[in-house]
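The values are calculated or read from the model by the stated rules, or taken from the named source; none is laboratory data. These numbers come from a predicted model, not from an experiment. We place every Cβ from the backbone using ideal geometry, glycine too, and count neighbours over all the protein chains shown. The protein model used for the area step is the full one, side chains on, heavy atoms only, and it has no ligands, DNA or RNA in it. Shrake-Rupley method; radii C 1.70, N 1.55, O 1.52, S 1.80 Å.
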Amino acid sequence: MQYKINPLLEAMTYLNRRANGTPADEFAAELAENNPAHRARIESVAAPVVMLQKKLDAIPVDEESLRLFFGEFKNESSSPYPAPGYGFNAAALFFAECLYWDCTSFDALAARCAARTKEEQTMAFLTALLDSCEMLHDDCDDDFAQFFDLLNKKCIAAEAKLTIIDMLTHYKKRFESLCALMRPFVASTAESTDIFRPVIDEFNSLYPCSADAGAHFEELLNTKLPQGGALTVFPYLFGFDKYMCAFNNREENDDFTANLFIGALYGDLRRMNTISVSPRSVAHLAKAISDPSRLELLCAIRAKPAYGQELAERAELFPTTVSHHMSKLLDAGFVESVPEQGKNYYILSKNGVRHFLKSVEQLLLAD
């Protein structure tokens, strides 16, 4: 295992920040303000990210295309805390599936995407859209009617659904426009080794590449990574306080390939544990478990993990309803998701529950 930057993900995340007005420098400044005791450490880690941002800011971009592809698709019941990473947008529909592909260049990756059949195009969009893989059954036909039916069940605004249908219907034209938009940003990121070299050096000191690296990251992330497959770790620049993982198990031997993208500050913030507790953040967590059905689902996985279809049968709910509830619980940290044998198993996060109780106590009972 060798740590490296993923230029595709970095360009997607940067453009998402640029389109939605959340530049990394402002976010880093807010993070330092909320953690004054660790300001020097945060600013040190964020510095290479801000340097790369300034370099990418100098690249001209068509604002209309930027908004079209990187404007985030909002949930109808939008959380005050947006999802980490590159966000749920049109660019993710084309490229989310590519995060575990080992392409030597953006043009090679783009050529591979452009050569998709109609069925493969639909499947790529399905993969990016669905909250949990229990809806991707073996008998999935990958046809447009099924895609449209599943899209209608998503809790996103009607305007976003029309955009998604347009992207899939005019796949070739839209994809060519997206590649033209992204190509200079991917290339500039890939050529900026001098800027992000400190991040890689930092990773080599914090997380030395070794046979037990998987176990180390499992402990750091408080989760379980797939067994029997390959793990590749990427320092995540523009998600420097986040982490995300992309899995692929379509190989003939059914082994997982796991790509882990982890921000240089993620481990530090877990250890700092000094981010201020606000009424808004506590209310967000409380809202996630305010629905009786969600509490019942948490109780159902307390003793034994379960996947979506199994939970739906136990609770006598539709799979899409379970998927919606579990996505809220995942976002709030009450649940963890572990892929196994083509299904996402949900596990109660005891640390997430403890964090909620500690937050309530700190907010209401602290002296």
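Got a number for residues in region 306-344 being open to solvent by 50 Å² or more (accessible area, probe 1.4 Å), assigned to a loop (DSSP other than H, G, I, E, B) and in contact (Cβ under 8 Å) with a residue 40 or more places away in the chain?
1
Answer yes if at least one residue in region 149-162 is modelled with pLDDT of 75 or more, surrounded by 15 or more Cβ atoms within 10 Å (Cβ to Cβ), touching a helix residue (DSSP H, G or I) at 6+ places or on another chain (Cβ under 6 Å) and in a helix (DSSP H, G or I), and no otherwise.
Scanning region 149-162 turns up at least one residue that is modelled with pLDDT of 75 or more, surrounded by 15 or more Cβ atoms within 10 Å (Cβ to Cβ), touching a helix residue (DSSP H, G or I) at 6+ places or on another chain (Cβ under 6 Å) and in a helix (DSSP H, G or I).
Considering region 286-303 alone, what residues qualify as being in a helix (DSSP H, G or I), farther than 14 Å from R314 by Cα and open to solvent by 30 Å² or more (accessible area, probe 1.4 Å)?
A286, K287, P292, listed by residue number.
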